[in-house]
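What follows is a single structure, written as structure tokens, with notes after it.
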Amino acid sequence: MSEPLPTNLGFALLGLIHKTAMSGYDLRKVFAETALGNYSSSPGAIYPALARLEKQGLVTGEEDRSKSLRPKKIYRPSADGKKIFKAWLSQEVTKYDISHNYHELMLRFAFHDALDDRKATRRFLRELASGLEEVIADLVSQRKMIPETEPVQTRLALEAGLEQLRASARWAHNSIRYFPDD
């Protein structure tokens with residue numbers, strides 16, 4: 001497949017229809033009513049994303065005329081769609097992702113149940129916790145290099161980021177207990 005990988009919106013759509021087949025309207029409702037709205041609940045984004053996924057062979061859309069006068073297109077992941085989705089979920093957590101794509105990491109985690117693999121989820125959380133600790137250590141080193149002549153806001157902004165990262169690291173460590181070694 002020479003097509004680019006789906007966007008985060010595309011992966012969110014794949015994740016939702018991986019759980020259950022849905023129409024575009026049903027998908028829009030989920031985006032509008034949940035935190036997935038960060039990715040868009042706009043029909044101007046969702047329907048083109050579904051069309052791209054269908055063109056790439058990652059989803060199939062079938063018309064369903066059984067429940068209303070107006071037919072709906074029901075989307076399901078294709079075999080390739082399932083494969084790409086699970087590969088995306090299984091990617092290693094990197095420091096770069098933690099620093100630049102944290103929202104994508106949390107999106108991946110939100111759909112991790114699709115792997116049906118407690119070890120993979122435990123590995124994800126351990127990689128996340130370890131990577132967060134590395135990023136925290138880097139930022140603590142950077143904080144020590146900030147000259148006292150810098151405005152206090154500079155130090156406070158860095159401290160706010162550190163607190164958020166520390167909270168995320170605690171969350172990751174605490175979450176591991178939900179996926180014990182068998």
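The values are calculated or read from the model by the stated rules, or taken from the named source; none is laboratory data. Keep in mind that this is a model prediction, so the values were computed, not measured. Every residue, glycine as well, gets a Cβ built from its backbone with ideal geometry; the counts of neighbours run over all protein chains shown.
Taking segment 115-138 as the range and being touching a helix residue (DSSP H, G or I) at 6+ places or on another chain (Cβ under 8 Å) and buried (at least 17 other Cβ atoms within 10 Å of the Cβ) as the test, the residues that pass are T121, R122, F124, L125, L128, A129, G131, L132, V135, I136.
The residues on offer are E33, E54, and the sole one that is modelled with pLDDT under 95 and surrounded by fewer than 18 Cβ atoms within 10 Å (Cβ to Cβ) is E33. Mind checking which residues of segment 139-163 are surrounded by 13 or more Cβ atoms within 10 Å (Cβ to Cβ) and either under 25 Å from F124 (Cβ atoms) or of a type in the set (A, V, I, L, M, F, W, C) (or both)? Scanning segment 139-163 gives L139, L158, G161, L162. Only a single item in (1) of a type in the set (G, A, S); (2) touching a strand residue (DSSP E or B) at 6+ places or on another chain (Cβ under 9 Å); (3) modelled with pLDDT under 95 is not met by S40, and it is number (2).
When A110 is tested against the conditions (1) hydrophobic (A, V, I, L, M, F, W, C); (2) surrounded by 16 or more Cβ atoms within 10 Å (Cβ to Cβ); (3) within 24 Å of I17 (Cα to Cα), the lone failure is (2).
For segment 74-93, the criterion of a residue being hydroxyl-bearing (S, T, Y), free of Cβ contacts under 8 Å to residues at least 24 places away in the same chain and exposed (fewer than 13 other Cβ atoms within 10 Å of the Cβ) is satisfied by no position.
Looking at segment 37-91 only, could you name the residues that are of a type outside the set (V, I, T), in a strand (DSSP E or B) and over 13 Å from G10 (Cβ atoms)?
Of segment 37-91, the ones of a type outside the set (V, I, T) are 37-45, 47-58, 61-73, 75-83, 85-91.
Those still in the list that are in a strand (DSSP E or B) too: 61-64, 72-73, 75-77.
Within segment 37-91, G61, E62, E63, D64, K72, K73, R76 meet the criteria.
Scanning segment 53-72 for residues that are of a type in the set (S, T, Y) and on the phi > 0 side of the Ramachandran plot yields no hits at all.
For segment 162-179, which residues satisfy the criterion of being free of Cβ contacts under 8 Å to residues at least 12 places away in the same chain and either touching a Cys at 6+ places or on another chain (Cβ under 8 Å) or more than 21 Å from Y96 (Cβ to Cβ) (or both)? Reasoning before the result, please.
Residues of segment 162-179 that are free of Cβ contacts under 8 Å to residues at least 12 places away in the same chain, as a first pass: 163-164, 167, 170-171, 174, 177-178.
Listed by number, the residues that qualify are E163, R170, N174, R177, Y178.
crowded, with 16+ Cβ neighbours inside 10 Å, touching a Phe, Trp or Tyr at 6+ places or on another chain (Cβ under 7 Å), within 30 Å of E134 (Cα to Cα) and of a type outside the set (F, W, Y), is that true of A21?
Values: crowded, with 16+ Cβ neighbours inside 10 Å: yes; touching a Phe, Trp or Tyr at 6+ places or on another chain (Cβ under 7 Å): yes; within 30 Å of E134 (Cα to Cα): no; of a type outside the set (F, W, Y): yes.
Here the answer is no, as A21 does not meet what is asked.
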